[in-house]
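Taking it in order: structure first as structure tokens, then the write-up.
The values are calculated or read from the model by the stated rules, or taken from the named source; none is laboratory data. Computed from a predicted structure; not experimentally measured. Here the Cβ positions follow ideal geometry from the backbone for every residue, glycine too, while neighbour counts run over all protein chains shown. Accessible surface is based on the protein model in full, side chains and every heavy atom, while ligands, DNA and RNA are left aside. Shrake-Rupley method; radii C 1.70, N 1.55, O 1.52, S 1.80 Å.
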Amino acid sequence: MRGHSVILLGGLMLGVVTAAPAESPSAVRLPGVPVLPQPMPSPDAVVTLSENLNYVIDSDVECVVLGSPKGRLKITFEKGPLDVRGEFPDGQGVERRTYKGPFLYFVEPAADGACELLVIPKGGGEKDVIRRSLLCKLGPRPPPGPKPDPPTPLKSVAWVVVVEETGVRSVETVRVLGDVAYWKRLEASGVKWRFYDKDSADALSKGYVRAAGGVYPSVVLLDALGKNPATGGEPVGVKLPATTAGVDALVKGGP
Amino acid sequence: MSLPEFNGYPLGCLVPTVFPTGFAQATDVFPVMTGDEIRAELTRRGMVAWGRRETFGDEWVKDQGPFGSCNGWSTSAADEKTRFLRGGAWVKLSGADAYSQMNGGTDNGSTLADGLAVCRDNGIAPEELVRVDQIYTSRISAEAKAARVRFRGFEPYAADTELEFATGLLLGYVGIVAVHVQRGFDTLDSEGCPSSGNGPGNHSVHVDDLALSPSGTLLFDSPNNWKVSWGDRGRCHYKWDRHLRETVKYHRFWLLRSAVDDPKGDNPPKAGG
């Protein structure tokens, strides 16, 4: 069984990237720790995981991903490669990243508190287990029962338009599009939504296909007048995020 | 010709004289998932693809009344739900109006393929404009006929196998099937399935969800057109081997991928203003 050296993903500033002792490139890539000028962060530093951050394990091999204690983390599998736009624990602000591995695991906080993330490559033994310390912070929670607060959108986002080719809709895409509860919460926050097939007359005549720019499925944000809510100019589509949290980030932060 | 009946409901899904062709086919549209992939995804989702029983509760269950209009009502339900799932307002569409466009002026039933064509080409008027008993074109108002085009489906396609149909459901689409109603059909077993009816098919229903039984069998979750009082709050599960493997040989099962915007509805503005 090959050992795994973990090359920390991230390291946007020179000198921050650290590597575990082994020499060979890792098949399992975890996010790095947040960038700090001093001291040099180590792989064992605790990473604060809040709901707005995309913590993505990018792996070439199938893994078992667990959180301890149970119930503190929510792990979602996605098939890669995938583009993800949003904020990252080892990044600065909103950015777009491409995860190339076929096995992607999205780690989200499910409850406040410290926990340990365990990543076990399939067929691996104890020495192959990758461990990270996380501090989950959900922030203020509503009392049990009421639904989570809808996102606070950019003041001028009136519509979220998704343009897709329904003929090649993937299981990953529909995990986002099919989450009716999420879209209804978004609607309750004042942001309306609509999905179009790129071949439909409406999508073509209204310029949504043009805005998508050949990227499908594409999210096009519109203000009430059809303008780009962030710039006031032409709307520009971006790839549909892999999660509804990613859509929230777009609505909050704009394209 | 009079239609056979079950509990006062005429069974108006007709076996076509020739198996319908000329429709886009699932295999032309997208990669069909394997059984293992479908089961893995359902397991990942907690054994049920969408939870549509919660999304589409009692108010969405139809009542075709004492007419052979089942196919009209399953078609209108598929169109209605597809509009809702893509962000449109919930507008109840009339199965009677859909049926009026398929029955040739007599209450002697229709075929699944007729429903696909009506949904795609003409559209279906809202229930508020066409009552359940207005099943003939002569009784449909000009206003209702003019309204149909606003509620058309977009890009339906045929699905001829269990995996093709299940893949479509897993991708979020709503489908139409034919089942064979016979004695005991309204008694559901522990998995919510009616007694087997492996005849050629005499009743049309729509399917809006997919589930996995503990034994690994795919369950096709289907609201009937016989009110909430039937079955499990108007619904039941079908299994391919028990309920659909024969009827699919005679009837063209299909799914609906999208729908057009209602030009009179609340729609997003043109990009760029």
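Test of understanding: what is the full-extension gain from A:SER133 to A:LYS252, defined as 0.36 nm times their sequence separation minus their Cα-Cα distance? Display every interim value, and only then the final one.
On the way: separation 119, 0.36 × 119 = 42.84 nm, distance 2.85 nm.
Between A:SER133 and A:LYS252, full extension yields 40.0 nm more.
Mind checking which lysines have their C-alpha under 16 Å from B:LYS270, skipping anything on the same chain fewer than 8 residues away?
List returned: A:LYS192, A:LYS198, A:LYS206, A:LYS227.
Quick one: of A:LYS239/B:LYS62; B:LYS145/B:LYS249; A:LYS79/B:LYS239; B:LYS62/B:LYS249; A:LYS100/A:LYS252, which pairs are farther than 31 Å apart, Cα to Cα? Could the numbers behind the result be given before it?
Working: A:LYS239/B:LYS62 38 Å; B:LYS145/B:LYS249 33 Å; A:LYS79/B:LYS239 29 Å; B:LYS62/B:LYS249 26 Å; A:LYS100/A:LYS252 26 Å.
Beyond 31 Å between Cα atoms: A:LYS239/B:LYS62; B:LYS145/B:LYS249.
Using the heavy atoms of the protein chains and a 1.4 angstrom probe, tell me the accessible area per residue for segment B:141-202 in square angstrom.
Values: 2080 Å² over 62 residues.
Accessible surface, normalised per residue, equals 34 Å².
Obtain the nm distance between the two label points defined at A:SER170 and A:GLU95 by a simple spin-label model: each point lies 7 Å from its Cα along the Cα-to-C-beta direction.
In this crude spin-label approximation the distance works out to 2.2 nm.
Could you give the longest part of chain B that holds none of the trypsin sites (Lys or Arg not before Pro) found in DSSP loops with at most 15 neighbouring Cβ atoms within 10 Å? Please list the in-between numbers first.
Numbers: sites that count: B:LYS92, B:ARG131, B:ARG183, B:ARG233, B:ARG245, B:LYS264, B:LYS270.
Longest site-free region, per DSSP loop and neighbour criteria: B:1-91.
What total accessible area, in Å², is buried where chains A and B meet, using a 1.4 Å probe and rounding to the nearest 100? Each step should come with its number before you reach the end.
Values: alone 13000 and 11400 Å², together 21590 Å².
About 2800 Å² of accessible surface is lost on pairing.
Taking the alpha-carbon distance from A:LYS137 and a cut-off under 19 Å, which aspartates and glutamates remain once sequence neighbours fewer than 8 residues away in the same chain are dropped?
Candidates past the 8-residue exclusion: A:ASP44, A:GLU51, A:GLU87, A:ASP90, A:GLU108, A:ASP112, A:GLU116, A:ASP149, A:ASP248.
So what does B:ILE176 come to for accessible area, using a 1.4 Å probe and Å² rounded to 10?
The value for B:ILE176 is about 0 Å².
How large a share of the accessible area of segment B:136-213, in percent, is made up of carbon and sulfur atoms when the probe is 1.4 Å and the other protein chains stay in place?
Working: 1240 of 2470 Å².
Carbon and sulfur atoms account for 50 percent of the accessible area of segment B:136-213.
Name the chymotrypsin sites (Phe, Trp or Tyr not before Pro) in segment B:120-197 that are in a loop by DSSP and that have at most 15 other C-beta atoms within 10 Å, would you?
Those that pass, being in a loop and sparsely packed, are B:TYR136.
Per residue in segment B:251-273, which ones lose no less than 40 Å² of accessible surface when going from chain alone to all protein chains (1.4 Å probe)?
B:ARG257, B:ASP261, B:ASP266, B:PRO268, B:PRO269, B:LYS270, B:ALA271, B:GLY272
Just grab the label-to-label distance for A:SER156 and A:LEU225, each label 7 Å out from Cα along the Cβ direction, in nm (one decimal).
0.8
Please give the residues from segment A:200-232 for which the solvent-accessible area of heavy atoms, probe 1.4 Å, is smaller by at least 50 Å² with all protein chains in place than with the chain isolated.
Residues meeting the cut-off: A:LYS206.
Given R₀ = 41 Å, what would the calculated FRET efficiency be for A:LYS70 paired with B:GLU37, taking r from the Cβ atoms and rounding to 0.05?
Numbers: r = 28 Å, r/R0 = 0.67.
E between A:LYS70 and B:GLU37, to the nearest 0.05, is 0.90.
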